[in-house]
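Asks: Once you've had a glance at the structure underneath, I'll fire off some questions.
The values are calculated or read from the model by the stated rules, or taken from the named source; none is laboratory data. These numbers were taken from a predicted model, which means no experiment stands behind them. Cβ coordinates were reconstructed from backbone atoms using ideal geometry, including for glycine residues, and neighbour counts include every protein chain displayed. To get the accessible areas, we keep the full protein, side chains included, count just its heavy atoms, and leave off ligands, DNA and RNA. Shrake-Rupley method; radii C 1.70, N 1.55, O 1.52, S 1.80 Å.
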Amino acid sequence: MAAAELALLEKSLGLSKGNKYSAQGERQIPVLQTNNGPSLTGLTTIAAHLVKQANKEYLLGSTAEEKAIVQQWLEYRVTRVDGNSNKDDIRILLKDLNSYLEDKVYLTGYNFTLADILLYYGLHRFIILEKFTQGC
């Protein structure tokens, strides 16, 4: 699943396809084998690498505070969203996010970042699952 997300991210960043992804371990942690260096492991590590490769570092945050908030939400994606399949936990997670976003346009406030992209990708499966289970 993460490899598909990373391929979508590549496309949205305007990068040419060509990166080779694999997954390791029981949790299927994504791995990117780079052409000129060691492999990179982890969704957020690889995503940040792709952002830098595309010369779109602003997606990682513009100020020190914004960069910290982006990192916070990337960590949230991996620790709270991924692996969550319990319907009650998902409802709580979505309710908390809704409350957080009440007075914001994006996760960092008013700037679109990598955190918004990866959180969208992570939450998308919950939305599809909910529609599927309700028969829409």
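Asks: Tell me which residues, restricted to segment 108-123, are crowded, with 20+ Cβ neighbours inside 10 Å and more than 18 Å from Leu8 (Cβ to Cβ).
Replies: Thr108
Asks: Would you confirm, using the coordinates I've provided, whether Glu10 is surrounded by fewer than 18 Cβ atoms within 10 Å (Cβ to Cβ) and among the charged types (D, E, K, R)?
Replies: When the stated conditions are applied, Glu10 does not pass them.
Asks: What are the residues in segment 94-111 that are farther than 20 Å from Arg80 by Cα and either assigned to a strand (DSSP E or B) or in contact with a Lys or Arg (Cβ under 7 Å, 6 or more places away or on another chain) (or both), if any?
Replies: The answer is Gly109, and nothing else.
Asks: At least 3 residues that are outside the structural domain of Ile117 (by the TED database) in each: list the helices (runs of 4 or more DSSP H) lying fully within segment 1-87 that qualify.
Replies: Correct list: 2-13, 43-53.
Asks: Please name all residue pairs, on different chains or six or more residues apart, with Cβ atoms under 8 Å, provided the first residue is in segment 70-83 and is open to solvent by less than 10 Å² (accessible area, probe 1.4 Å) and the second residue is assigned to a loop (DSSP other than H, G, I, E, B).
Replies: Note: pairs meeting the criteria are Val70/Gly61; Val70/Leu107; Val70/Thr108; Val70/Thr113.
Asks: Return the only residue of Lys17, Lys56 being touching a helix residue (DSSP H, G or I) at 6+ places or on another chain (Cβ under 7 Å), of a type in the set (Lys, Arg) and more than 23 Å from Tyr106 (Cα to Cα).
Replies: Lys17
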